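Input: a single structure, listed below in structure tokens.
The values are calculated or read from the model by the stated rules, or taken from the named source; none is laboratory data. Not measured: the values here are computed from a predicted model. When we count neighbours, we look across all protein chains shown, and the Cβ atoms used for this are built from the backbone with ideal geometry, even at glycine. For the accessible areas, the whole protein counts, side chains as well, though only heavy atoms, and no ligand, DNA or RNA atoms are used. Shrake-Rupley method; radii C 1.70, N 1.55, O 1.52, S 1.80 Å.
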Amino acid sequence: MKKSKFAIAVVNIIFLITIPGITIGEAEQVTAAIVKGYVKVKKKKKVRLYKISGKHSNFYAVSKYKYPYSAKKKIGKKKRAAYKIGNNSHWILAKDVKVVKKSTKRVYTQAKMKLPKGYTKTELLLAYQGKPSKNFINASMQGMKTNDFSRLKVSESKADDATQVDLNQLTPKQIADLTAFSLRLINEARSNLNLAPWVESNGTRKLAADIALEYTKNNKTIKDSHYVPGIIRACHANGLNLDDNFVEDMAGFYNISPTMSMTELKKSVYFGLKQMIFGYVGSGEEERSDRSYYQEWEHAGDLFNIQGSLHDGDYNYYGFSISHNDNICSMHFISVPTYVVKSKKYNNGFQP
């Protein structure tokens, strides 16, 4: 089936720092300000929080949390020393807390992609056809929430943190790592639907590289949508007799610097994939709770080979590439369906 041409969002990956909330009963999540240090209630009790005027608020801090603080000053008429915690102008008196050292331990974890309950092949097909059910949108929203590698302060390895990637010229190893990373996530999600895994192949890796080169040479980005003439030329050069875009799904992000760490780039790839899988067209994580941003599952139909065709349930050969123009990084998820590879009409020498 023809790949989607529309509703491809240019994404800005926004990393949110969350802190334990300020509450009477239980903790909630609040976006943190610039963290200068951490404080903890001295005794095993809850202590009153204050406003900058020196008047007490209706909230308390509890002893089991370390609270990041963004300022320390004397508040109110009595000029009592206090720390500002959270983003809601709550202050905790210095006499009630002790300053604790910030943990410098880095958390390493492997990124995962899991489909939530309610994300089924039947429901996806309806969404692909433009008729998503309320329950399927709910499932997609849950998927955006629970697949959280892109927004947590974690990484897959110390090497990823240390590796700086030049978006204008990735090394063969970096492309290989990102190909394996993205394919692993795609296949984890496919396995949740009992679908055969996609297969990485030399031929599709070369096709992906040639497509990225077409974008680079012609100064095209995701902002221009799919660059179909370049995709067709790359397909023909690689032995595929295709006259439209049957091979590319795409995501992207704006990055003013031409370099970033492998961890940051993996988070961008991860976000782009879950954006396509869950039909989300928002520009960042902060809009994921808004139902109106769940609009387009044509990419998901491609990634799961569920499009209402005779070839539903097939698998594809896969390659990945990146192009970078005008501070926009376009990520090319390239896949060639097995029926195309087997077809005398479409295959004029392509070797997967």
For Ser261 and Ala94, FRET efficiency with R0 = 35 Å and r from the beta-carbon atoms, rounded to 0.05? 0.40
Which of Arg233, Arg288 is most accessible, then next, and so on - probe 1.4 Å: Arg233, Arg288
Please give the residues of segment 35-61, grouped as numeric ranges, whose backbone N is less than 11 Å from a label point set 7 Å along the Cα-to-Cβ vector of Ser70. 35-36
For Asp166 the rounded accessible area (nearest 10 Å², probe 1.4 Å, non-protein molecules ignored) is 60 Å²
Label assignment, P(r) over Cα pairs in 20 Å bins from 0, in percent derived from the structure, set (i) 23, 41, 21, 11, 4, 0; (ii) 30, 50, 20, 0; (iii) 28, 47, 21, 5, 0: (iii)
Applied in sequence order to segment 134-146, the curve 6.51 cos²θ - 1.76 cosθ + 1.60 (Karplus, θ = phi - 60°) yields integer Hz couplings, x standing for Gly and Pro, of 4, 5, 5, 4, 4, 5, 5, 5, 5, x, 5, 6, 7
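Of the cross-linked pairs Lys84/Lys105; Lys112/Lys134; Lys44/Lys74; Lys105/Lys223, which ones have a Cα-Cα span greater than 32 Å in the structure shown? Kindly include the intermediate steps, with their values, before the conclusion.
Numbers: Lys84/Lys105 24 Å; Lys112/Lys134 25 Å; Lys44/Lys74 25 Å; Lys105/Lys223 38 Å.
The answer is Lys105/Lys223.
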Farthest toward the dipole's positive end in segment 150-244, which of Asn168, Ile231, Leu207, given Cβ charges of +1 (Lys, Arg) and -1 (Asp, Glu) about the Cα centre? Asn168
Residue-by-residue Karplus 3J(HN,Hα) for segment 115-129, coefficients 6.51, -1.76, 1.60, Hz, glycine and proline x: 7, x, 4, x, 8, 10, 5, 5, 5, 5, 4, 4, 5, 4, 7
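Mind checking the per residue accessible area of segment 33-127 for me, 1.4 Å probe, whole number of Å²?
On the way: 6290 Å² over 95 residues.
About 66 Å² of surface per residue is accessible.
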Taking a probe of 1.4 angstrom, what is the accessible area of His311 in Å², to the nearest 10? 70 Å²
In debye to the nearest 20, how big a dipole does the chain give about its Cα centre with +1 on each Lys and Arg Cβ and -1 on each Asp and Glu Cβ? 3620 debye
So how far apart, in nm, are the two label points at Leu213 and Gln142 if each is 7 Å from Cα heading toward Cβ? 4.6 nm
The size of the Cβ-based charge dipole (Lys, Arg +1; Asp, Glu -1) of segment 147-241 about the Cα centre, to the nearest 20 debye, is 180 debye
A 1.4 Å probe over the protein heavy atoms gives the chain a carbon and sulfur accessible-area percentage of 52 percent
So, in nm, how far is label Gln169 from label Leu310 when the simple model puts each one 7 Å beyond its Cα toward the Cβ? 4.8 nm
Two-site FRET efficiency, Lys77 against Lys101, from Cβ-Cβ distance with R₀ of 30 Å, rounded to 0.05: 0.35
